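Notes for the one structure printed next.
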Amino acid sequence: MSAVAEPHRTAWAPRRRAGLRGRAACVAALRALLLLLGAVLGLRPSPARAAEPGANFSLAGDLKQFFFATLPYDHPLMPPAPTGQGLFDLRLKGDLRAGPLRAELHPVLTAGAPGALDGARFVQTGAGVPQLVDLNLSLTDSAGLWAQARVDRLHVAAKGAHLGVDLGRQPVSFGRGLFFTPLDLVSPFSPTVIDSSYKPGVDALRVDAWWGASGQASLVGAWAGQPVGSNKTSDTSDPNDDDRALLDDLVAVAWAQQGLGTWDLGLLLALNHNDKVLGLSASGGWGPVGLRAEGTLTAPDPKAGAPAINELRAIFGEDPLPADRDPFTRALVGADWRPGPRTSLSAELYRQGMGAAEADDYLAEATDPRVSRGEQWLLGRVYGAVALQHELRPTLQSNLSLISNLRDPSALLGLGLGWSVADNAEVALGGYAGLGARPGEAPPLPARVAGPATAAEAAGLISAEERAALRQAWRTSHTPTESELGLSPTTLYAQVRTYF
């Protein structure tokens, strides 16, 4: 090393040693927390892990960048010209293991340039997911840029031979649906999400038990309040009832699964935002074809709030829409087949009883709380979906998907390419196009509303922007629709992901 560089190295050496000491202290503190949890729970290492010495700590991460372009069709609800949107997502992943104990921490930095696209339909970073403990920090939220630092995962788990406990912010999933997810009640992915490597974490307590070779039971309590920025409505007669407010934002699940031969059978009981849910699932195979079926029966909360669109209807002097509180089902059947070593084909049929029976009710259905919290993303009743994946080269994958509302009919066509450009880097390109009848145009704002609005603006009681927002609200609530997926514009995307 040169004489010039030596003083620089010497000056930084004490800081480096201090950093190493700080990291060792953090590892020791996490390990002590894990050991304390294990002692409280009375857990002991399983025989397979009893010989593992010390603690193992790993630190990794990934960086994802997205770009979306929206190509609108000609309609007042669409932007007047093509728009773009960029998104940046940096995740660090800390993992500490000590025998049967584990702690995991994922801090995330997400930033984006706002655009006309509803990005949550195509990318789920976890920003805006409900949280019991606020671990978000808004760095900026302006018209041209928003940025947020948050903790997506922070949980401590203890696992013995037959019992496991997991406490903290963690992903929660049930069911095996590929396109449709009736059993997945907590922040499920939309099937159009182009990156599903990390399901958003929710604040939860989970207890798992195992028996035999394939038996498992789970109890989960997860906080799942309304997403940040959504409107929460309720017509309960006792708005000050703290117990009811707690249940409104809670998903409690009891799950049991047992293997029988080549099949796995599951039973789910849940209290989902005060809805009572019974679910069943079965998955297995018949020769070279993998099969699955799952469904739920839901008894809605009898005091649930009516659709949020009623706020708009009240402004326009119209009668409110009643809340649908009849029991409903959600069910799917699906199959997977590999016709060749480089090709796979998947298909599902799905029916949901809580969707709109008529096309004119789609926009009203979109204001249902189940849509705003991400539990429901389709607005109709009967659907079919197929996906074809083919390996063009060992590092290049192609995919084709079609999700169809079978009653309109309409469809969402997806095309994509995934390229592994290096051991730690991937690129994805593709797009989605809505196929089906486009919406019509709303009738003019009625005189009983337009007249007072014009007079109020002239008197300075409302601004020109507020009057324009009133006209836009009228279009949103009164636009005639002939198909559901025909409402979707064409969207193109590009993603770059690197691991470190």
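Put a dot 7 Å past the Cα of L406, heading toward its Cβ, do the same for S58, and the two dots end up 4.3 nm apart. For a label point 7 angstrom out from the Cα of A113 toward its Cβ, which stretches of the stretch 409-444 have the backbone nitrogen within less than 19 Å? From the stretch 409-444, the list is 430. In this simple spin-label approximation, L219 and S197 carry label points 7 Å from Cα along the Cα→Cβ vector, and these lie 3.6 nm apart.
If packing is taken as the average count of other Cβ atoms within 10 Å, what order do 131-143, 363-375, 253-265 fall into, highest mean first?
Values: 131-143: 11.8, 363-375: 20.7, 253-265: 14.4.
With the highest mean Cβ count within 10 Å placed first, the list reads 363-375, 253-265, 131-143.
What is the calculated FRET efficiency for T140 to A447, with r their C-beta to C-beta distance and R₀ = 30 Å, to the nearest 0.05? Approximately 0.10, to the nearest 0.05.
Relative to the current alpha-carbon distance between S463 and A147, full extension at 0.36 nm per residue lengthens the span by 110.8 nm.
Inter-label distance, E358 to L396: 5.1 nm, where each label sits 7 Å from its Cα along the C-beta direction.
Per-residue 3J(HN,Hα) values for the stretch 355-370, derived from phi via the Karplus relation 6.51 cos²θ - 1.76 cosθ + 1.60 with θ = phi - 60°, read x, 6, 7, 10, 4, 5, 9, 4, 5, 5, 4, 5, 8, 5, x, 5 Hz in sequence order (x marks Gly and Pro). Using the Cβ-Cβ distance between T454 and I315 with R0 set to 22 Å, the FRET efficiency from 1/(1 + (r/R0)^6) comes to roughly 0.90.
Rule-based calculations on the coordinates, nothing more; no lab input. Since the model is a prediction, treat every value here as computed from it, not as a measurement. So basically every Cβ, Gly included, is an ideal-geometry build from the backbone, and we count neighbours across all protein chains shown.
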